[in-house]
1. When both residues are 6+ apart or on different chains and their Cβ atoms are under 6 Å apart, which pairs have a first residue that lies in the range 60-78 and is without any contact (Cβ under 8 Å) to a residue 24 or more places away in the chain, and a second that is surrounded by 13 or more Cβ atoms within 10 Å (Cβ to Cβ)?
2. Within the range 98-141, can you find the residues that are free of Cβ contacts under 8 Å to residues at least 12 places away in the same chain and outside any helix (DSSP H, G or I)?
3. Residue check: is residue 18 touching a residue at least 24 places away in the same chain (Cβ under 8 Å), surrounded by 15 or more Cβ atoms within 10 Å (Cβ to Cβ) and assigned to a strand (DSSP E or B)?
4. Which one of the conditions (1) surrounded by fewer than 16 Cβ atoms within 10 Å (Cβ to Cβ); (2) over 18 Å from residue 22 (Cβ atoms) does residue 98 fail to meet, given that it meets all the rest?
5. Criterion first (farther than 16 Å from residue 22 by Cα, surrounded by fewer than 19 Cβ atoms within 10 Å (Cβ to Cβ), modelled with pLDDT of 90 or more and out of contact with any strand residue (DSSP E or B) (no Cβ under 7 Å at 6 or more places or on another chain)) does residue 84 satisfy it?
6. Output the residue which, of all residues in the range 33-48 that are surrounded by fewer than 17 Cβ atoms within 10 Å (Cβ to Cβ) and touching a strand residue (DSSP E or B) at 6+ places or on another chain (Cβ under 9 Å), is nearest to residue 66 (Cα to Cα).
7. Tell me the residue from 60, 56 that is under 14 Å from residue 22 (Cα atoms) and touching a helix residue (DSSP H, G or I) at 6+ places or on another chain (Cβ under 8 Å), please.
């Protein structure tokens, strides 16, 4: 039996993008990958993200923001940064065999009505979902 590859998704607050990526990879390819997420300055799980994930049948309501420090002794096959280094300091993690970077908009900056914010979060969820399929789907990695 082949060991699952370990993937760590990193962002600043571990409240939205990295949490969605962790949940999506687990739901889509959990048979091949173990997924984790962390941040350099753990915040609070974004409630819009929890709602958006529930809409597609993925429950991340039990997730919490974790510090990168919790994983410093671990080794990962892939470490993926999902924040925009132009706007925020994207974290660096030494324990990754392969480092990947893909920038997604930060839902914590979305404003407007409840429905406008949800629409933005759904867009980011779709972007992350497509990127995970392209990066970790059949025949990849």
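1. Every condition considered, the pairs that remain are 61/50.
2. 111, 112, 113, 138, 139, 140
3. no
4. Result: residue 98 fails condition (2) only.
5. Taking the combined requirement at face value, the residue does not satisfy it.
6. Across the range 33-48, the extreme among qualifying residues is 41.
7. None of the others qualify; the one that does is 60.
Okay, residues lined up against (1) closer than 20 Å to residue 115 by Cα; (2) out of contact with any helix residue (DSSP H, G or I) (no Cβ under 8 Å at 6 or more places or on another chain); (3) surrounded by 15 or more Cβ atoms within 10 Å (Cβ to Cβ):
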{"site": "22", "(1), (2), (3)": "no, yes, yes"}
{"site": "26", "(1), (2), (3)": "no, yes, yes"}
{"site": "31", "(1), (2), (3)": "no, yes, no"}
{"site": "51", "(1), (2), (3)": "yes, no, yes"}
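The values are calculated or read from the model by the stated rules, or taken from the named source; none is laboratory data. Note that the coordinates shown come from a computational prediction; the quantities given were computed from them, not determined experimentally. Glycine gets a Cβ as well: all are built from the backbone with ideal geometry, and neighbour counts include every protein chain shown.
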